[in-house]
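Asks: Below are the structure tokens for one structure; questions will follow.
The values are calculated or read from the model by the stated rules, or taken from the named source; none is laboratory data. Because the structure is predicted, anything quoted here is derived from the model rather than measured. Every residue, glycine among them, receives a Cβ derived from its backbone with ideal geometry; neighbour counts consider all protein chains shown.
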Amino acid sequence: MKRNNASSLKHTIAFYALLVSELICLPWLSAREVLKKRRKTAGPPLRRRPPVASKQVYVCVHEWGGYPMCRQKTIKHGATFDCGLEAQLERFSPYRASGRVELTVTLSAADRHPDLSAIRNRTDHLILSCNKGMDFSGYAAFFDRIKNKPDAYVILTNSSVNTAQNDFLESYIRCMERHPEIGMLGISYCTRMFQSLVRNNFTPHLQSFFLLTTTSVLREIVASNRNRFPGAGIGHKLLLIRKGEVALSRLVLRLGYRLAVIRPENGALFLFTDYRRWNIPRGDIRQTLSEPNKITEVRL
């Protein structure tokens with residue numbers, strides 16, 4: 001317990017140290033944001049993912065052991081919706097039965113869950129993970145299990161996905177096949193890093209409750225992050241968003257791939273662009289939706 005408290009204190013200090021550094025550099029950082037919005041961002045040359053070597057889709061669903069199987073979540077300044085692990089197990093059950101999906105549940109605070117056998121009976125693997133880092137520690141533990149397997153599509157998700165069900169998987173993979181420049185695809189996004197003193201910063205990133213990528217892209221991400229999965233083990237929530245969710249998207253872009261989102265309001269595919277060509281709503285898109293965190297059927 002003392003070690004966990006010391007680690008959390010360390011990450012809290014790290015987060016506020018970041019804010020102090022931003023405060024010191026605020027005039028320059030604010031000016032940079034203005035310039036960013038006036039010019040096209042070149043970035044690294046666009047790359048293409050290698051074709052996957054396996055038809056298997058590896059799915060990781062992360063859960064905190066203290067949650068009930070069915071629950072509700074309220075988005076800050078937004079709507080309330082039904083979610084939970086039960087809906088995620090139901091969602092992937094047909095794909096698992098057909099052999100298309102290998103399903104892993106990563107569980108933190110496992111001692112708080114009333115019936116681990118109920119999860120084991122409905123998954124291929126159950127991994128007990130660290131609670132620090134939340135879903136990112138679960139994703140890291142899952143990645144360690146699959147990182148040496150043949151290249152395949154990978155879904156990283158948690159139990160905060162809307163319970164609405166649809167047959168989405170093959171159409172999402174077709175999107176990835178038609179656009180090999182996509183390094184990571186999500187179902188929700190935010191265009192600003194709110195955990196910062198820099199106002200109106202344009203930092204588009206995918207939200208971490210549902211991400212589709214490949215094993216090879218994840219290997220590149222981890223290798224470029226000093227062989228550590230972004231966000232794993234971080235014990236301060238605001239720092240975790242910066243070092244996990246935001247950093248993950250930034251690493252994909254720095255590697256030369258594109259980010260993409262299936263627009264939650266209409267199912268259209270949108271490839272992330274620079275500020276001047278960004279023509280969809282800005283901010284946290286979930287705050288504008290009547291059904292946030294929903295896997296929307298794709299419109300190809």
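Asks: Suppose we filter Thr191, Thr104, Thr163 for residues that are in contact (Cβ under 8 Å) with a residue 60 or more places away in the chain, touching a strand residue (DSSP E or B) at 6+ places or on another chain (Cβ under 6 Å) and polar (S, T, N, Q); which single one remains?
Replies: From the options Thr191, Thr104, Thr163, the qualifying one is Thr163.
Every residue, every condition in (1) more than 30 Å from Glu177 (Cα to Cα); (2) of a type in the set (S, T, N, Q); (3) in contact with a Cys (Cβ under 7 Å, 6 or more places away or on another chain), yes or no:
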position: Cys60; (1), (2), (3): no, no, no
position: Arg71; (1), (2), (3): yes, no, yes
position: Gly78; (1), (2), (3): yes, no, no
position: Gln88; (1), (2), (3): no, yes, no
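Asks: Scan the stretch 176-190 for residues that are within 17 Å of the chain's Cα centre (by Cα) and either closer than 21 Å to Asn162 by Cβ or assigned to a helix (DSSP H, G or I) (or both) and jot them down.
Replies: Residues satisfying the conditions are Met176, Met184, Leu185, Gly186, Ile187, Ser188, Tyr189, Cys190.
Asks: Only residues in the stretch 111-138 that are at pLDDT below 90 count as the first member; pair them with residues that are part of a helix (DSSP H, G or I), Cβ under 6 angstrom, at least 6 apart or cross-chain, and list the lot.
Replies: Every condition considered, the pairs that remain are Cys130/Ser137.
Asks: If you don't mind, another one. With the requirement that a residue be free of Cβ contacts under 8 Å to residues at least 40 places away in the same chain and either crowded, with 22+ Cβ neighbours inside 10 Å or assigned to a helix (DSSP H, G or I) (or both), what does the stretch 210-236 give you?
Replies: Glu220, Ile221, Ala223, Ser224
Asks: I'd like to verify a number: residues in the stretch 254-300 that are assigned to a loop (DSSP other than H, G, I, E, B) and either within 17 Å of the chain's Cα centre (by Cα) or of a type in the set (A, V, I, L, M, F, W, C) (or both), how many?
Replies: Of the residues in that region, 16 qualify.
Asks: Follow-up. Quick check on the stretch 79-92. Is at least one of its residues surrounded by 19 or more Cβ atoms within 10 Å (Cβ to Cβ) and in contact with a Leu (Cβ under 6 Å, 6 or more places away or on another chain)?
Replies: yes
Asks: A further question on this structure: Report those strands (runs of 3 or more DSSP E) wholly inside the stretch 74-135 carrying at least 3 residues which are over 27 Å from His236 (Cβ atoms).
Replies: 101-108
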